[in-house]
1. Can Gln345 be described as closer than 30 Å to His106 by Cα, at pLDDT below 85 and polar (S, T, N, Q)?
2. State all residues of the stretch 34-91 that are β-branched (Val, Ile, Thr) and either crowded, with 18+ Cβ neighbours inside 10 Å or in contact with a Lys or Arg (Cβ under 9 Å, 6 or more places away or on another chain) (or both); if no residue qualifies, say none.
3. Report the residue count in the stretch 120-177 for those that are over 30 Å from Ser102 (Cβ atoms), out of contact with any Asp or Glu (no Cβ under 7 Å at 6 or more places or on another chain) and either open to solvent by 40 Å² or more (accessible area, probe 1.4 Å) or of a type in the set (Lys, Arg) (or both).
4. What are the residues in the stretch 187-212 that are touching a Lys or Arg at 6+ places or on another chain (Cβ under 8 Å) and surrounded by fewer than 20 Cβ atoms within 10 Å (Cβ to Cβ), if any?
5. Hey, could you check the stretch 230-279 for residues that are basic (Lys, Arg) and surrounded by 20 or more Cβ atoms within 10 Å (Cβ to Cβ) and say which is nearest to Ala290 (Cα to Cα)?
6. Just to be sure I understand the filter: pairs with C-beta atoms under 7 Å, separated by 6 or more residues or on different chains, first member in the stretch 110-122 and at negative phi, second member acidic (Asp, Glu) and crowded, with 24+ Cβ neighbours inside 10 Å. Which pairs pass?
7. Any chance you could count how many residues in the stretch 317-332 are aliphatic (A, V, I, L, M), in contact with a helix residue (DSSP H, G or I) (Cβ under 8 Å, 6 or more places away or on another chain) and open to solvent by 50 Å² or more (accessible area, probe 1.4 Å)?
8. Return the residues of the stretch 93-109 that are closer than 18 Å to Ser392 by Cα and assigned to a loop (DSSP other than H, G, I, E, B); say none if nothing qualifies.
Amino acid sequence: MSQKKIFLVFVAISTVSLLLHHGGHFSWTMEAFHLGCPALRSHPAPGLKPKHTNVVFLKTHKTASTTMQNLLFRFAERNNLTVALPVQTCGHQFCYPRSFTSHFVHPHTLPPNIITSHMRFSKAELQRLMPNDTIYVTILREPGSMFESLFSYYNQYCQSFKRVPNGSLEAFLEEPWRYYRPDEKDSMYARNTLTFDLGGDKDRPAKDVAYAQAFVAEVDRVFSLVMIAEYFDESLVLLRHLLSWDLDDILYVKLNMRTPSSKRSLTPGLPAKIRAWNSLDARLYDHFNASLWRQLSVLGPACVAREVRLLRRAQEKLMRSCFGGRMPLLRSAAQIKNKDLRPWQPSGKVDIVGYDLPVNLSRGFSTQFQELCLKLIMPEVQYTRVLLRSQSLRYRRVYQLRPPQQSHPLQQPIRTVLPRHPQVHRSQPPPPAALGPASGTRSTSTSKPAAGTQGRTTKLGPKPSQTQAS
């Protein structure tokens, strides 16, 4: 055999050996080749852009945002990043519903790379706090299912809901102004909650079309990606491309879900009434649902569907590893033995379920893997405490070693540029007085926010909602 043939045989054997060694990547590459999609390579593969690590995620209410927050918390810990967390007087939120200010940020969590706890959005304050190359992301949900969830979840906190006879959603929507008081405690849960979270005027009349159009345009200008809860996995595909992250960076378990008995079906006619009462939120959702599908079409339907399949496959593998070879069973708070894993319960009328790890998880698994599994299912309140504790320890270690004059200032200089991702940039009309304190309530909410389940749809194309968050 000639030397050339021997060399070719050696190269072929080496290539096959390498591909078999990286079995998962081999299947990704073959599937990508078949569909004409770019291969899913992981860092630090040559030619990949560095992962983008400066992110604002505006955590909205009842939109699967708790699941997203958990994903971002874990990403930050894996990459030794700093997450801005609230001062203790604010609880686990940035003193919501007050408009965000940098004074709400715990000094041991400065300067931050990521911010993701509940707040009322203030673009100017976040520009002061975050680096210039920060990418802004948020998430919306279909108004009908979202309002049903809000009505159920906050029924014992929001006075506009509490005064409705028999807790009837139908009665509220029949005469909303009979029960709704714009300026009272927690009124932001009873009308245009997404608009309020984004800094807009929740009580702007529906006939003020110019305001609504300008507000949507301003949100579009500021946020590089607006995810849609009903298409959570597809939204994560866009997020992964936007931030140049790996598939492993977007794995998740659904958190903060209600039991089926805590949900109610919407009778005919109610969705239309909900959209009319929450007209600004409906306009936001319609605009960004269509925008999401336009962005997905650029990647290609087959390639998006492939990435969603790979994501779900990797998630199932991880969950089976964490839960003793089986998929996890949802448990009520009373059934969960580990108090660090018990989800917060808003009232006796709503059951929020969570997970419990197998007692024998420690056998055969490293401490690092056990911690991964624990954090994967840890509820928001407990994870926020854990993260604040670890970042405070790191802060003390770092700054006790530095002379006082070299300590980093606790407040960043004023930022003047808010970047827009070039792929989704488009010219916009003049923005309204939005994405800042446009309207407000007079008291600070003490209720616990929530997120729910995510959509599992992979068939591409603009369409009405198919699945719901809790």
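The values are calculated or read from the model by the stated rules, or taken from the named source; none is laboratory data. Keep in mind that what you see is a predicted model, and the values were worked out from it rather than measured. Please note: Cβ atoms are built from the backbone with ideal geometry, for glycine as well, and neighbour counts cover all protein chains shown. To get the accessible areas, we keep the full protein, side chains included, count just its heavy atoms, and leave off ligands, DNA and RNA. Shrake-Rupley method; radii C 1.70, N 1.55, O 1.52, S 1.80 Å.
1. Yes, satisfied.
2. First, pick out the residues of the stretch 34-91 that are β-branched (Val, Ile, Thr): 53, 55-56, 60, 63, 66-67, 82-83, 87, 89.
Scanning the stretch 34-91 gives Thr53, Val55, Val56, Thr60, Thr63, Thr66, Thr67, Thr82, Val83.
3. So the count comes out to 9.
4. Asp203, Tyr211
5. If we filter the stretch 230-279 for residues that are basic (Lys, Arg), which is where we start, we get 240, 254, 258, 263-264, 273, 275.
From what's left, surrounded by 20 or more Cβ atoms within 10 Å (Cβ to Cβ): 254, 258.
Numbers: Lys254: 24, Arg258: 28 Å.
That would be Lys254.
6. Filtered contacts from the stretch 110-122: Arg120/Asp197; Phe121/Asp197.
7. 1
8. Applying the first criterion (closer than 18 Å to Ser392 by Cα) to the stretch 93-109 yields 93-94, 102-109.
Within the stretch 93-109, Gln93, Phe94, His106 meet the criteria.
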